[in-house]
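What follows is a single structure, written as C-alpha cells, with notes after it.
The values are calculated or read from the model by the stated rules, or taken from the named source; none is laboratory data. This one's a predicted model, so the numbers in the text were calculated from it and none came from an experiment. Note that each Cβ is placed from the backbone with ideal geometry, even for glycine, and that neighbours are counted across all protein chains shown.
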Amino acid sequence: MKAHLHTDWRDIPDAARGAVAALGNFDGVHVGHAHLVQAAHAARPDRELAVVTFEPHPRELFRPQDPPFRLTLPQERFAALSALGVKHVFQIPFDREFSAMSAENFVTRVLHESLGLHHVACGMDFAFGHRRRGNVDFLAERTEELGIGLTVVPALADALGPYSSSRIRRLLQDGYPERAAEELGRPWSIRGVVQHGDKRGRLLGFPTANIALGRHLEPARGVYAVSVRMADGTVCPGVANIGRRPTINDGQESRLEVHLLGFSGDLYGQTLSVALHTLLRAERRFNGLDALKEQIARDSEQATAYLSARQSGTIPTRT
C-alpha cells in the first residue's frame with residue numbers, strides 16, 4: 001500500500017483517521033526514530049501506522065539566523081518514513097499561528113478531533129504546544145481523558161548514549177558519513193535539483209551536476225565517494241566535492257558538485273539524491289587547474305575503487 005502525505009491537518013479524509021501515530025520532528029529518520037515507529041505499530045498492530053511531524057522544523061522558524069542544519073527535507077523524510085511501513089504522514093505546517101497553539105488544543109483539536117488518532121507514541125522528552133508547555137505527563141492525562149492510547153518510548157541508545165539527530169549531524173560535520181549511515185540505517189543523502197554552473201568541471205574533463213545545499217546541513221568539506229539516484233530510480237556511482245572550491249576561489253557559498261562515473265547525459269533540472277559513503281580527502285587548494293585536474297582524476301579512481309569494494313563487502317574500516 002502506498003503511503004499518503006497529508007499537509008492540512010484541518011482537512012483529513014475519513015480513510016486516514018483512526019490510526020496509531022508516532023509523534024516528533026523525525027529529522028533524519030534515524031534508527032531511534034525507527035524504534036519509535038515500531039513501538040507505535042506494536043502497540044496497535046490492528047491500526048494503520050502514521051507519523052505526526054512538522055514542517056518546517058520549529059528551530060527553522062524560531063532561529064532563522066542559524067546555519068542550515070536539516071538532515072532530511074520533506075521529500076526525503078517522507079520516503080524514509082514510507083520505507084518503515086508508515087501509511088500516513090501528517091505533516092503539520094509549523095508557522096507562527098500554529099506555534100501559538102496551546103498544548104491543550106494540540107491534543108484536543110489536532111490529535112483527537114482532526115486526525116482522529118486511536119493511539120499515539122512519543123519519546124520521553126516530547127514537548128509540544130505554545131512555548132513547549134506540553135510534556136509527556138500532560139499528554140498522558142489528556143489522552144486518557146479523550147480515550148486515546150499512549151505509549152511512551154525510552155530512547156534507543158548504545159554505549160555512546162541515545163541516538164539523536166544532533167549526534168548524526170556531528171558525525172557528518174566531522175567527516176564520518178559511514179558512522180552516520182550506521183545510525184541512520186542508510187547512507188545520508190542530499191536531494192536537490194541540478195542547476196546550471198560555470199561549466200568549469202566540463203572544461204577540466206569532469207562534468208559535474210551542481211546542487212545547492214539549501215537547507216541541508218553542510219557536512220565536512222571535501223571530496224566524497226557517492227552514489228546518485230536519479231528520478232527514474234537509476235543509481236550511478238560518483239565522486240562529489242562539497243565546499244567552496246578554493247583553487248578557483250570563486251568566493252561563493254558551499255555547494256555540492258557531483259561527477260557521475262561512466263555517465264554522459266543532460267541532468268539539468270532533474271532531481272537527484274546523492275548519498276555520501278566516505279570522505280576521500282579534505283578540501284584543499286591546488287597550484288593551478290592542471291594540478292586540480294590531476295587530483296580529480298585520482299579522486300575518481302579512488303572513488304571507483306571504494307564503491308567497488310563497498311559493493312563486494314570488502315571495505316576497510318575507517319578509524
Report, ordered by the first and then the second residue, all pairs with beta carbons closer than 7 Å, sequence separation of six or more or different chains, a first member in the stretch 92-117 that is part of a helix (DSSP H, G or I), and a second member that is among the aromatic types (Phe, Trp, Tyr).
Ala103/Phe128; Ala103/Phe138; Phe106/Phe128; Val110/Trp9; Ser114/Trp9
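Assess whether Phe78 counts as being under 14 Å from the mean Cα position of the chain (by Cα), crowded, with 19+ Cβ neighbours inside 10 Å and in the same structural domain as Pro13 (by TED's automatic domain parsing). Before you say what the answer is, go through the steps one by one.
Values: under 14 Å from the mean Cα position of the chain (by Cα): yes; crowded, with 19+ Cβ neighbours inside 10 Å: yes; in the same structural domain as Pro13 (by TED's automatic domain parsing): yes.
For Phe78, the condition - under 14 Å from the mean Cα position of the chain (by Cα), crowded, with 19+ Cβ neighbours inside 10 Å and in the same structural domain as Pro13 (by TED's automatic domain parsing) - is met.
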For Arg255, the lone unmet condition from (1) surrounded by 19 or more Cβ atoms within 10 Å (Cβ to Cβ); (2) touching a Leu at 6+ places or on another chain (Cβ under 7 Å); (3) modelled with pLDDT of 95 or more is (3)
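Among what's in the stretch 268-306 and is closer than 21 Å to Asp174 by Cα and part of a loop (DSSP other than H, G, I, E, B), pick the residue that is farthest from the chain's Cα centre (by Cα). Give the derivation first.
Of the stretch 268-306, the ones closer than 21 Å to Asp174 by Cα are 274-285, 299, 302-303, 306.
Of the ones still in play, those that are also part of a loop (DSSP other than H, G, I, E, B) are 283-285.
On the way: Glu283: 24, Arg284: 27, Arg285: 30 Å.
Result: Arg285.
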Residue hits (the stretch 8-31; under 18 Å from the mean Cα position of the chain (by Cα) and either under 16 Å from His57 (Cα atoms) or surrounded by 24 or more Cβ atoms within 10 Å (Cβ to Cβ) (or both)) are Ala22, Leu23, Gly24, Asn25, Phe26, Asp27, Gly28, Val29, His30
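Residues of the stretch 30-57 being outside any helix (DSSP H, G or I), touching a strand residue (DSSP E or B) at 6+ places or on another chain (Cβ under 9 Å) and within 19 Å of Leu73 (Cβ to Cβ), which ones? Break it down stepwise before answering.
As a first pass, look at the stretch 30-57 and keep what is outside any helix (DSSP H, G or I): 30, 44-57.
Imposing the further condition that a residue be touching a strand residue (DSSP E or B) at 6+ places or on another chain (Cβ under 9 Å) reduces the set to 44-57.
If the condition is that a residue be outside any helix (DSSP H, G or I), touching a strand residue (DSSP E or B) at 6+ places or on another chain (Cβ under 9 Å) and within 19 Å of Leu73 (Cβ to Cβ), then Val51, Val52, Thr53, Phe54, Glu55, Pro56, His57 are the ones that fit.
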Which members of the stretch 302-319 meet the condition of being loosely packed, with under 12 Cβ neighbours inside 10 Å, farther than 26 Å from Ala231 by Cα and out of contact with any helix residue (DSSP H, G or I) (no Cβ under 7 Å at 6 or more places or on another chain)?
Gly313, Thr314, Pro316, Thr317, Thr319
All helices (runs of 4 or more DSSP H) inside the stretch 142-243 with 3 or more residues being touching a residue at least 40 places away in the same chain (Cβ under 8 Å) and closer than 30 Å to Cys122 by Cα
165-173, 177-184
